[in-house]
Amino acid sequence: MKVQQTRRFAEGIGSVLFAALLLGLLPAVTFAEKATHTYGISVILKGDVQSARQRALDKAFGDALEESVTRVAQAQNMASFQEILEEIRTEDPLTYVDKYRIMSDVRDRNVYKVEIEAWISEEKVKQRLADIGLIRYQDKVVEVGILMRTRADERIESELGSARGFDFNGFAVQQYRTRGFEVVKGTVSVDSSLEGLKKLRLNNRLTALQGRRLGADAVILGLVDIQIPADPTETRPPEPVEAVAPGSTGTMLPEPSETMPPSGQYQVSLWLRAVRSSDGSLIGIRETSFVPEPGVSIYMLRQEIRQHLDALFAGLGETIREYVQ
């Protein structure tokens, strides 16, 4: 009789626990993250077994964290993430561990070996990468740094210099904020001259470094070039133009431009480029050129440049959102 009562009691408790689990009254025992098996090994120095065991565990947990970071980085289409791994591995890997089991914990002569099964929280990994500005996470607003400069023919430079509105950096900041971007405070480069812009244009890694310094997801560089050719047959010498494929860092030479307009007309060339701060990838280029009507006023010239820039800003903004995630 007692055996039957005990059995009925156990069956009743089991039914209650099962129902409670289905209703969510008890914590789930499974983890969404995939379990990672890693190994750690360390030489026992001067008979210090405990220190060797700790080093082996650190190695095993560090490798588990590295595997998780690699999965996240690859999912985010990051071209290079070795620097990220080096930075995160200096931290305590247990910070990112939800649960672990030590599968094997043995001394083998003069070495110590461990095998672990760890559940790394990829949510914590993503949040950490977002905190240091390497990826977007959840509803994080895309942050950009902007450096735009104007280069004008010396024959009209003084005239443009006295005209308000030919510093298009402020216009770019306004337009990107209107489109929902956060423009970081601080200068993209200590040298904000045309020469400083050229250095960044030719060095994506340096541009990305400046972006990370500011905490920006991407850096936008731009140039407004206003010229008046002295000769109707004058042609602009070719300049290196970066390949437009996302992630590319190479350069190529374009074909020489067509014959410039007759003297007295403006020739305006615009280019923009965006570099991802996390890995220095060139993720977008937008370029255009146009010839305003002869005799156009300085005011109308400025407005026409702004209209063309606005179209370029829109296209480049979409590309940045696509490749900065």
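With a cut-off of 11 Å between beta carbons, the residues surrounding GLN175 carry a summed charge of +2, where Lys and Arg count +1 and Asp and Glu -1.
Take each peptide in 105-117, 275-287, 56-68, count the other Cβ atoms within 10 Å of every residue, and average; sorted highest first, the result is 275-287, 56-68, 105-117.
If the Kirkwood radius is taken over C-alpha pairs of segment 85-134, then at 37 °C and 0.692 mPa s the Stokes-Einstein diffusion coefficient equals 256 µm²/s.
Computed from the coordinates by the stated procedures, all read-outs in this text should not be read as laboratory data. Remember, predicted model here, so these are calculated numbers, not experimental data. FYI the Cβ positions are ideal-geometry reconstructions off the backbone, even for glycines, and counts take in every protein chain you see.
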